[in-house]
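The values are calculated or read from the model by the stated rules, or taken from the named source; none is laboratory data. Quantities reported herein were computed from a predicted structural model and do not represent experimental measurements. Please note: Cβ atoms are built from the backbone with ideal geometry, for glycine as well, and neighbour counts cover all protein chains shown.
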Amino acid sequence: MPTTTSNPHKISNGSTLGTQARMGVSLDGHDKVIALAGNPNTGKSTVFNHLTGLKQHTGNWPGKTVTRAEGSFTYNHFRYKLVDLPGTYSLLSASTDEEVARNFILFGQPDCTIVVVDATVLERNLNLVFQVMEITDKVVLCVNLMDEAKRKGIAIDSEQLEFDLGIPTIPTVARVGQGIDDLLAAVAGIVHGTIQTAPKVPPPPAELREAIDELVPMIEAVAPGIPNARWIAYRLLEGDLQVRQALLANKLGTLASTLSEPHRCTNHEQSMEAAS
Ligand SMILES: Nc1nc2c(ncn2[C@@H]2O[C@H](COP(=O)(O)OP(=O)(O)O)[C@@H](O)[C@H]2O)c(=O)[nH]1
Ligand SMILES: [Mg+2]
């Protein structure tokens, strides 16, 4: 497991945004909140079902028609809430699904984010992994569909991948529950600080770095306590309209809380299939 010190640019747990900005997800008796992200069809719901069992709450994200599934699990006496994010290829907020996923990881500040990837098309999936790693240090990579990869003659060196990415990397066959225990152990390690990650995201070109360094103090001045000013700076330079509008309206600091309406999940138990 990676042990180097974490990147100072990433979200720290001491952010002033705190738990009120968990985007409508209340802790209600849970100790930690875990987000589940991934491209569509990577087995995210299968992982979700394995971790949470049959009991799930579903509803919509505040103000959106996007479905949200939440479930719970207990591991080593800690109660975890698991939030299934919409399946997305990126977090650039080009669609409502992407916006929901990236806002939750950025402003909801989960204690850990699991990114599920498809081992048979790993390279294509890494785009999302890097984007999550730009937002937070607290990431576990779940390389799923290892059986399919094997069948297609694709070998994945997960230890090398873990070293190259700087985050715990767990191979799984979620359909049969293989690797789920290792996944849980990695999540718990991150949450309790026994595993320190050091995500290695390809560095931006020098000119971009300079522009970001210039923007960061300005962003922090207008939005004190913003969880990741560097990421906001990136988005501004990339022309992210939502972030730009929030900044112009002096509402960056409240972008999260405007999305944090009361918990509106309907409370019903569902079958295993229902979370897909
Ligand atoms: N062979 C194989 N199939 C899997 C595995 N995990 C999930 N699946 C299947 O892949 C399909 C998509 O899974 P689902 O969990 O709905 O993916 P999601 O779109 O990411 O939520 C389903 O038919 C699953 O049964 C796995 O590890 N191996
Ligand atoms: Mg699904």
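Observations, loosely collected:
- Those residues of region 65-83 which are within 13 Å of ligand 2 (Cβ to nearest atom) and within 27 Å of residue 236 (Cα to Cα), in sequence order: 66
- Among the residues making up region 41-64, a single one is within 12 Å of ligand 2 (Cβ to nearest atom), among the small types (Gly, Ala, Ser) and either surrounded by fewer than 23 Cβ atoms within 10 Å (Cβ to Cβ) or at negative phi (or both): 45.
- Within region 46-63, being aromatic (Phe, Trp, Tyr) and within 14 Å of residue 81 (Cβ to Cβ) holds for one residue alone: 48.
- Within region 166-179, residues that are over 11 Å from residue 50 (Cβ atoms) sit with their Cβ atoms under 8 Å from residues that are more than 9 Å from ligand 1 (Cβ to nearest atom) and hydroxyl-bearing (Ser, Thr, Tyr), at 6+ positions apart or across chains, in these pairs: 166/4; 166/197; 167/197; 168/197; 169/158; 170/158; 171/158.
- Subset of region 196-216 (residues that are without any contact (Cβ under 8 Å) to a residue 12 or more places away in the chain and part of a helix (DSSP H, G or I)): 206, 207, 209, 210, 213, 214
- Boolean, residue 114 is farther than 16 Å from residue 200 by Cβ, assigned by TED's automatic domain parsing to the domain that holds residue 51 and in contact with a strand residue (DSSP E or B) (Cβ under 9 Å, 6 or more places away or on another chain): yes
- Residues of region 71-88 that turn out to be closer than 18 Å to residue 47 by Cβ and either in contact (Cβ under 8 Å) with a residue 40 or more places away in the chain or in contact with a Ser or Thr (Cβ under 6 Å, 6 or more places away or on another chain) (or both), as a count: 12
- Within region 162-203, the residues that satisfy the criterion of being modelled with pLDDT of 95 or more, more than 16 Å from ligand 2 (Cβ to nearest atom) and of a type in the set (Ser, Thr, Tyr) are 169, 194.
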